[in-house]
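Peer 1: I have a structure I would like to understand better, so I am pasting it below and will then ask my questions one at a time.
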Amino acid sequence: MSQSQIYFGAAAMILSAVGMWLMLPRGNAPGRWIGVLCGLASLVLYAGLGMDMQSAGVEWLYGILAVTVVVSAAAAVTFRNPVYCALWFALSLLGTAGLFMVQGAQFLGIATVVVYAGAILVTFLFVLMLAQPEGHAYYDRVSWEGMLSATAGAVLVGVLTMAVTVSLNPPIEPQVVSAIEKFIPPGADAPRLTAQSIQKAHLAKIDDGKFELVLDLKPYATLPETEEAALKQHLVTNVPRLSDHKATAEQLKLIINRTPIQLNPSDNDRKANILTDQHVARLGGELFGSHLVAIEVGGTLLLIALVGAIAIVAHDRPKKPASDAPHLATGSTTKGTSRHV
Amino acid sequence: MSETAMLHNSLLVGALLFGIGLIGFISRRNMIVMFLCAEMMLQGVSVSLVAWGRFHDNWGGQMLVIFILTVAACEAAIALGLILMLFQRSGRLDIAAWQDLREDSVPAYVDREIVEVREENKLWPKLTPSGIEPPVDPEEIMHREHV
């Protein structure tokens, strides 16, 4: 992770904290639009931290969907009227379903739309209309500890983002790569290694002026062991960080991994397995093959939840509306707060 | 590289969704909005899981998301039942109405000032009046502050 990415991430973190705080309901305090601007700016910075996907069509679709998801999620959290919150949340769900589709999880995309947007959200809206016909309660226009919660959320996102960026980008030192590209082995007339054949080049200073360079080469890169000494000599003179310290070839420890372990499946593997044409069939086979017990437990859970929900709602109603009412936060405008239904 | 990039970007989106949901869950006072925010956090996790599943060419991620959907449906059923019951008892969706459940050592939360309702906050749909005005239930007036 380079220095500029750290600055990017820190700026995005601060801007998103300020933006979310300003956007959250804070009574009639001004500054909501400034918050929207801060939030959009932090979104641009976060997008700058994302990686280039190198396939134009999917890239644009993915970008539009991701921006839709995040913007409508922020709107769902910050709108004053809970009905609008629910509607923005529905848009966010549709965007998520689109992201699932782009990633090849077609069944989950449809299931999200049907289960979440179709069932859960409609029930939420139903309860909302039933329980809050006025829609403009004062508690929707204030929030608990807006600044603290926005800071907590932004720090969490910032730390997660940085951790992801660090762990998914193997460190590649540009100085080392450009030096290796110029390396011509003795007896040869052209450079042997190109930048594409280097997977990781991590130069670290260890104690008493010694350096350690970990170089991961891709499987097709060729570097005979007889040329390692020459490469070391070449690096010591050509990498500015080493030549500035007047490091000698003895002080540089070169660790070359010629065939880095290929953890990632190839595109052909994916086409045969998770991106197969028979997506639903394979998914069902997996679900009812390897996860049969879990499916049964999930079904039981649904049944228990249904029984529990009915038991909660149909349980004995409060007998005396006034005296049974809980102690309310003082300062409430609501006077007859206990309504016997 | 492209697959790594897709994983990276999806994890980014998932983290943002989770964080936004967290902010909303902590700071909003309407119980229904709080549950929406909890669902939003689940969505963030789901996006990350699907991306990991694709990256490792493994169906486990999508399986977990299916179970997340199941649990979310259960949670919604229970949550809506609870919200309805709590609403019947207190007449509000405000979570602060239930602050008696706090621990002994925590001081009571007091609304410092009541936010006045401005004219621009009242975004009412304009309906054409028709028929006779029905008799108003006094209890209803007490309960519905702005209607």
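The values are calculated or read from the model by the stated rules, or taken from the named source; none is laboratory data. Note that the structure is predicted; figures quoted are calculated from it, not measured. Counting neighbours? That spans all protein chains shown, and the Cβs are built from the backbone with ideal geometry, glycine included. Accessible surface areas use protein heavy atoms only, side chains included; no ligands, DNA or RNA. Shrake-Rupley method; radii C 1.70, N 1.55, O 1.52, S 1.80 Å.
Peer 1: Roll a 1.4 Å probe over the protein heavy atoms and report the accessible area of residue A:226 in Å², nearest 10.
Peer 2: Per-residue accessible area (residue A:226): approximately 120 Å².
Peer 1: Here's a follow-up. If you take every DSSP beta bridge fully contained in chain A, what fraction is antiparallel? Give it as a percent rounded to 5.
Peer 2: Of those bridges, close to 50 percent are antiparallel.
Peer 1: Probe 1.4 Å, all protein chains in place: accessible area of residue A:84 in Å², nearest 10?
Peer 2: Per-residue accessible area (residue A:84): approximately 100 Å².
Peer 1: Please give the per residue accessible area of the protein assembly as shown, computed with a probe of 1.4 Å over protein heavy atoms only, in Å².
Peer 2: 51 Å²
Peer 1: Let me ask something else about it. Can you give the relative contact order of segment A:84-236 as a percent, counting alpha carbon pairs under 8 Å and 6+ residues apart?
Peer 2: Reported relative contact order: 14 percent.
Peer 1: Moving on. Could you give the length gained by full extension between residue B:4 and residue B:100, i.e. 0.36 nm per residue of separation minus their alpha carbon distance, to one decimal place?
Peer 2: Taking residue B:4 through residue B:100 to full extension adds about 29.6 nm, to one decimal.
Peer 1: Separate question: Which value, in Å² and to the nearest 10, is the accessible area of residue A:122 when all protein chains are kept and the probe is 1.4 Å?
Peer 2: Its heavy atoms expose roughly 80 Å² to the probe.
Peer 1: If you average the sequence gap of Cα pairs under 8 Å that are 6 or more apart and divide by the length of segment A:207-258, what percent do you get for the contact order?
Peer 2: 62 percent
Peer 1: Starting from the Cα of residue A:175, step 7 Å along the direction of its Cβ; do the same at residue A:7; then give the gap between the two resulting points in nm.
Peer 2: Using points 7 Å along Cα→Cβ, the separation is 1.9 nm.
Peer 1: Also, quick follow-up: What is the ratio of the Cα radius of gyration of the protein assembly as shown to 2.2 N^0.38 Å, where N is its residue count, to two decimals?
Peer 2: 1.24
Peer 1: Quick check: with the 1.4 Å probe, what order do B:37, A:38 take by accessible area, largest first?
Peer 2: A:38, B:37
Peer 1: Express the relative contact order of segment A:1-115 as a whole percentage, based on alpha carbon pairs under 8 Å and six or more residues apart in sequence.
Peer 2: 20 percent
Peer 1: Quick check on segment A:113-217: what are the equivalent-ellipsoid semi-axes from the Cα gyration tensor, as sqrt(5λ), descending, whole Å?
Peer 2: On the way: eigenvalues 689, 85, 19 Å².
Here the semi-axes work out to 59, 21, 10 Å.
Peer 1: Given a 1.4 angstrom probe, I'd like the percentage of the accessible area of chain A that is carbon and sulfur, rounded to a whole number.
Peer 2: On the way: 11710 of 17630 Å².
Percent of accessible area from carbon and sulfur atoms in chain A: 66.
Peer 1: While we're here: Using protein heavy atoms only (no ligands, DNA or RNA), what is the total accessible area buried between B and A, 1.4 Å probe, nearest 100 Å²?
Peer 2: What B and A bury together is about 10400 Å².
Peer 1: While we're on this one: With a cut-off of at most 11 other beta carbons within 10 Å, and DSSP calling the residue loop, which chymotrypsin sites (Phe, Trp or Tyr not before Pro) in segment A:177-258 qualify? Please list them. It would help to have the intermediate numbers written out before the result.
Peer 2: On the way: sites: A:183, A:211, A:220; in loops: A:183, A:220.
In loop regions of segment A:177-258 (DSSP not H, G, I, E or B), the sparsely surrounded chymotrypsin sites (Phe, Trp or Tyr not before Pro) are A:220.
Peer 1: Separate question: Can you pull the percent of segment B:1-108's accessible area that's carbon plus sulfur, 1.4 Å probe, other chains left in place? Can you show the working numbers first?
Peer 2: Working: 2320 of 3310 Å².
Answer for segment B:1-108 is 70 percent, counting heavy atoms of protein chains only.
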